[in-house]
Amino acid sequence: MKIGVIADDFTGASDIALTLAEGGMRTAQFVGIPDPKTDVEAGVVALKSRTIPVQEAIDQSLAACDWLLTQGAEQIIFKICSTFDSTDAGNIGQVAEALGTHLGAKHILTCPAFPANGRSVYMGHLFVGDVLLNESGMQDHPLTPMKDADLRRVLARQTRWHVAQLPHALVSQGPTAMAQALPAGPAMVIVDAISEADLYAIGKLAKGQKLLTGGSGIALGLPANFGADPATPPWQAISGPGVVLSGSCSRATRGQVAHYKTSAPSLEINADDVMSGKVQIDDLAEWVLDQPIPPLIYSSADPEIVAEAQANHGRETIASRIEALFANLAAALAARGVKRIVVAGGETSGAVVTGLKAQTLYIGPKLAPGVPALRHGDIALALKSGNFGAEDFFTTALRDMETTR
């Protein structure tokens, strides 16, 4: 193994796995820390550590790091969301600090930019499209509301390390200029990036660095450092019953839900019904199989409705119950022969993969920027971050799963 990745959620894991696979590296995504030795060039360990208590996130991440090192990993990436999902309590800065100390890293280059999906970093501020992060809808995220777009301030509230910045004026001059501007002492370094060319330059700067933190874009230039050439992951078509499961409340996903509902059967999961036990897994599974085309089951409510449910039942309690529902539903659907599953939302994706008891996911071709087709046995999966994908993503993902490439 050359590159080892610790991802703080499942959609982020498949996102960066696609980047490394398209860069020409033999790549596998692991659900948690696997037991056996693996023979890949890039290994991605998917954790559900984004919103758990900080010390648990640190412990899990260090364990994943040690396993990757035993596989021969020469460089570690701490993969976070391209919208820097966290709160002042964590977990990005704290986990990065623990990993950096563990690895003896001097600098931790940090960049969540992903221009293909509209994420850019300029003057240390994170933009989504043409608006600041805190105006993009992320300020209403039910678990990690992002109310500050200045990543320097966000990180400074999460770590004891010095937080520095490489502005775009330096990035545009290339890796040599950036290297000369790195701080003399240990630091987390926010690096501006507004284009893929910037990310490739950061990739050259990162050669030999022990630890990087960022979105999948930070890996664009890394395979070339290990002599890899770009490639398209192969895919053998998977047909059969399909379903869309959506737990994301992002603006993009709510738009995708609204679009898909115009042409497919849909069923909304109400938080009160979940908490009261009114929603039954067997009923949901049978309803899915009764539909003539892949239906949609969703809990992607507007922020006001989510806030009311959290006030009534507790944020962690309702999130845990809905995730358990999706996990159990995924298991029931797989047992009944569902072969194509599209999932929206990082926490929901983690729940679905857990329900399927998947250990290793094999990386297929791109379904949308940041979203690959994944194979688990004879089941095709798409694990979509809430903000990713075009309006018709659910339709195109289900269709492309049935296409050999």
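Bear in mind that the values in this text are calculations on the coordinates, not laboratory data. As the structure is a prediction and not an experimental result, all values here were calculated from the model. Cβ atoms come from the backbone with ideal geometry, glycine included; neighbour counts cover every protein chain shown.
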- Message: Given axes a ≥ b ≥ c from the Cα gyration tensor, I'd like to know whether segment 3-225 is rounded (a/c under 1.5), prolate (a/b larger than b/c) or oblate.
- Response: rounded
- Task: Would you order 263, 349 from fewest to most other beta-carbon atoms within 10 Å of each residue's own beta-carbon?
- Result: 263, 349
- Compute the Cα gyration tensor for segment 242-297, then decide on rounded, prolate or oblate, letting a ≥ b ≥ c be the square roots of its eigenvalues: rounded whenever a/c is under 1.5, prolate when a/b is larger than b/c in the other cases, and oblate in all that remain. oblate
- Gain in length, residue 157 to residue 359, computed as 0.36 nm per residue apart minus the alpha-carbon separation, to one decimal in nm? 69.2 nm
- What residue among 395, 27, 262 has the largest mean-square fluctuation in a Gaussian network model of the chain, using Cα springs under 10 Å? 262
- Just check segment 127-237 against the gyration tensor rule for me: Cα atoms, a ≥ b ≥ c as the square roots of the eigenvalues, rounded for a/c under 1.5, and otherwise prolate or oblate depending on whether a/b exceeds b/c. oblate
- Task: Could you list 394, 78 in order of exposure, starting from the residue whose Cβ has the fewest other Cβ atoms within 10 Å?
- Result: 78, 394
- Task: Determine the dipole magnitude for segment 1-62: charges of +1 sit on the beta-carbon of Lys and Arg, -1 on that of Asp and Glu, nothing else is charged, the reference point is the Cα centre, and the result goes in debye to the nearest 20.
- Result: 80
- Message: Quick check: pseudo-label points 7 Å beyond the Cα along Cα→Cβ at residue 273 and residue 52, how many nm apart are they?
- Response: 3.1
- When Rg is the radius of gyration of the Cα atoms in segment 289-405 and Rh is its Kirkwood radius, what does Rg/Rh come to? 0.98
- Expressed as an acute angle from 0 to 90° and rounded to the nearest 10, what is the orientation of the C-alpha long axis of helix 251-261 relative to the principal long axis of the chain? 30
- Given (i) 0.93; (ii) 1.21; (iii) 1.44, which label gives Cα Rg over 2.2 N^0.38 Å as computed from the coordinates? (i)
- Item | Whole-Hz ³J(HN,Hα) from phi, Karplus 6.51 cos²θ - 1.76 cosθ + 1.60, for segment 59-66, glycine and proline x | 4, 5, 5, 5, 5, 5, 4, 5
- Item | Gaussian network model of the chain, springs between alpha carbon atoms under 10 Å - residue of 31, 279, 44 with greatest fluctuation | 279
- Can you sort 229, 15 so the residue with the fewest Cβ neighbours within 10 Å comes first? 229, 15
- Query: Pairing the Cα long axis of helix 92-103 with the longest principal axis of the chain, what angle in degrees results, from 0 to 90 and rounded to the nearest 10?
  - Reply: 50
- Query: Taking only Cα atoms, what is the 0 to 90° angle, nearest 10, from helix 196-205's long axis to the longest principal axis of the chain?
  - Reply: 50
- Most mobile of 366, 106, 278 per a Gaussian network model of the chain (Cα springs, under 10 Å)? 278
- Query: Which aspartates and glutamates does residue 2 reach when only Cα atoms under 17 Å apart count, and residues fewer than 8 places away in its own chain are ignored?
  - Reply: 22, 39, 41, 66, 74, 229
